[in-house]
Structures are given as structure tokens and as C-alpha cells.
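Working notes, structure below.
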């Protein structure tokens, strides 16, 4: 699960409170894009589980 | 007057043989060199020939033991499994041991839980950033291992990976010799593979493309361990002795991909509630803009050089203490 942040240059990975920059060369950002497309990492495989995912809104 | 000179007879082949010097494989190349460039090409693979980083398993910024790992463990080494009960750890050699030459400090151990599920897959891997240097060349992996577990479906994979996916988006160059036999003694091994240009498969390579080295197995009927020491992956037909780089150099190489910093704090010296910020300048420039993990608060303004860490709503006179280490990850 991911959450938008009040700063537009990062997205938060809720699981470990990690802040992911919107850099296409960042592996975590690539994983986020895949998650947006509806994929989940199950073991060692990406599995399509939905039509798409939506991040949580930023905290006030 | 006639002067007669008599020469001793000789055998030309014996004289030529006497002139022949005993040289090694590089000696012959050096003696036949006609330019500085020829000499350089003959001796070039002296330093930085190990494409793997932390092949000696000394660097452990994330810790030294990982239960059921699902990502990076010892620096640059990733472990993935889809069953529980595995533990990856850094181990220390006994000083003076001679089973593995070169007096290495550490080795890698994966404790393997018994599993017979056919769908299981456990993998130990490292992704090498500069995959381009191996295209059209032979690469050779060498190192030492012990394996007390009976591993089914074990194999080495050399992958040209187009993105950061685990098994997708890659061309696999399987090791024709298969996995490693069970043994309770440290055993030297090599594996060699040619990487053809066709491994790129005409596909677009992303910014996280890499050369992946993977050791995987599918099941272990009985629990046990597999251990590795001094792993080296290099370009060439023949494996060379393990390259011992200085600890500080190896650490800096690791920090291009992951860096940890001690916790920091800042005091709000004002009287009103404010957002407090800390700028963290990295010791080493990162491969890409890194993901920042902090104990509390958040991060913004991240670059390959530095990051800003913040905490909102810090009262006047209060301290923003991150309470834990910061990490910056730009892993492949």
C-alpha cells in the first residue's frame, strides 16, 4: 500500500514508512508504477490482481 | 699463404632451445608486445576485475542476520523465498583457517528449512549495474562453497535483466553444469558462460537494467545450509584469485546503492510550532535518486547527493529526534 505525501516529489510506502522519489531509475518507484497497474509481488513473481490500485490520499 | 679456420660443429636446434626463456602465459604476451597499448592489454585485469561487490560478504549495513528474507540482506546480496524458515546471515571464519585461501574474514550462510513444495523457489542473487561490459564476452564465476542440504532444482542463472523484476523481463543464460553438489567441505568451483549480443533481445533496456547472478533451488527435503565465500565474477576464460579490495573501498562501492546513517535530531529553538528539517548529505553519490526511510517524519527534496528529512508539528523548544537510523536505497 502506498500513500501520497504533502510534497509532490515523493510517495510513501506505508509498510515501512519509506519515501520513494518519482525517479524512473528508482527500483521502488518502478514497483509503485507496477502496483498502480494492478500488480502485486507474490513471492518472487509479479501477479496481476486487479485492474489498478489507487494510493491513499496525503495526510492533512 | 693459406689460413684454415675450423669451426666446431653445432646443432642449431639446441642453441635455439637454449635461447628460449621460460615464461608464463602473460610473459609470452608481454614479450611479444609492440606498444604500450599491447602491454596494457596484457596486464589490464589486475584491479577491479571482480564485477561483484561485496563478494567477500564483509559489508553488512542492514545487519548480519535476516529471517525469511524478502529483499536485500548483506550489502548488494538479495535473497528471495516463497516459503518460511530461511535465515541468511554473515558468518566469521576462524582466524588461521586454511580451507579457504587468502584469510577471508567472512562468509555467507543461508539456513534452509525443509520443504518439498514443488512451487517453492528460493534465490540468492546480485545485480551488476554495468551489464554492457559483458555483452559479447565470456564471463566466469568462481568461489568457494559448502552445502549440507540436498537441494532439488538447484542451478546458477546469469541474466541480462531489462528492468528490476525478479524473474520477468530477463534473458536467462543457464549454467549448463547445473547446481552445486552436496558437500560438507569448502569446495572451489567455477562456472563460465558466454553472453551473446542476442541476450539483449532487441528490447529497450531501462535505467535499472543489470546483469543478474542468481543461485536458486526449488526444494530441500531435509533442512541444511548453503555457504559461500569469496565469490568473484569476471570477464575472461579463466578465473583468477579473489580480489581483496580494502574494506573502505568495498564499503564505498556498496554505498552507491545503499547507505545508512545514525539517527539525528534538531531542536525547535522558536516558540511556535514548526516543521523541522534536517539535510542529510550522502557519503557517496547514489546510482539513482534513492528511497529514504526514516524512523518518524518524512522526506522530500531527494537527489543522488542528499535528502531533506522533516517532521511536522514540532512544538517550540521541542526536539525532532529521528529515533532510528536513516537509510537511502538506490538498489537495482
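The values are calculated or read from the model by the stated rules, or taken from the named source; none is laboratory data. Keep in mind that this is a model prediction, so the values were computed, not measured. Cβ coordinates were reconstructed from backbone atoms using ideal geometry, including for glycine residues, and neighbour counts include every protein chain displayed.
Descriptive notes on the structure:
- Scanning the stretch B:195-207 for residues that are surrounded by fewer than 13 Cβ atoms within 10 Å (Cβ to Cβ), free of Cβ contacts under 8 Å to residues at least 12 places away in the same chain and assigned to a loop (DSSP other than H, G, I, E, B) turns up at least one hit.
- For residue B:202, the requirement of being on the phi > 0 side of the Ramachandran plot and in contact with a strand residue (DSSP E or B) (Cβ under 9 Å, 6 or more places away or on another chain) is not met.
- Filter result (surrounded by fewer than 16 Cβ atoms within 10 Å (Cβ to Cβ) and on the phi < 0 side of the Ramachandran plot) within the stretch B:123-147: B:130, B:132, B:133, B:135, B:137, B:138
- Condition check for residue B:171: surrounded by fewer than 20 Cβ atoms within 10 Å (Cβ to Cβ), touching a strand residue (DSSP E or B) at 6+ places or on another chain (Cβ under 8 Å), assigned to a strand (DSSP E or B) and at pLDDT below 85: yes
- Listed conditions (1) at pLDDT below 95; (2) part of a strand (DSSP E or B) are all met by residue B:292, apart from (1).
- Of all residues in the stretch B:266-284 being touching a helix residue (DSSP H, G or I) at 6+ places or on another chain (Cβ under 9 Å) and without any contact (Cβ under 8 Å) to a residue 40 or more places away in the chain, the one that is nearest to the other protein chains (Cβ to nearest Cβ): B:284
- The criterion of at least 1 residues that are at pLDDT 95 or above is met by the following strands (runs of 3 or more DSSP E) wholly inside the stretch A:1-54: A:2-4, A:10-13, A:18-21.
- Selection count, the stretch B:210-239, where residues are part of a strand (DSSP E or B) and farther than 27 Å from residue B:194 by Cβ: 5
- Residue B:242 fulfils the conditions (1) away from chain A (no Cβ under 14 Å); (2) under 19 Å from residue B:60 (Cα atoms); (3) not in a strand (DSSP E or B) except for a single criterion, (2).
- Single residue of the stretch B:311-332 satisfying the filter (within 9 Å of chain A (Cβ to nearest Cβ) and surrounded by fewer than 21 Cβ atoms within 10 Å (Cβ to Cβ)) that is nearest to residue B:71 (Cα to Cα): B:327
- Residue selected from the stretch A:8-46 under the condition at the interface with chain B (Cβ under 10 Å from one of its Cβ atoms) and on the phi > 0 side of the Ramachandran plot, by the criterion nearest to the chain's Cα centre (by Cα): A:17
- Screening the stretch B:1-105 for strands (runs of 3 or more DSSP E) wholly inside it with 1 or more residues that are touching a residue at least 60 places away in the same chain (Cβ under 8 Å) and within 30 Å of residue B:149 (Cβ to Cβ) returns the ranges B:78-81, B:87-92.
- Unique match (being under 18 Å from the mean Cα position of the chain (by Cα) and modelled with pLDDT of 85 or more) among B:213, B:180: B:213
- Of all residues in the stretch B:227-262 being touching a residue at least 24 places away in the same chain (Cβ under 8 Å) and loosely packed, with under 13 Cβ neighbours inside 10 Å, the one that is nearest to residue B:317 (Cα to Cα): B:262
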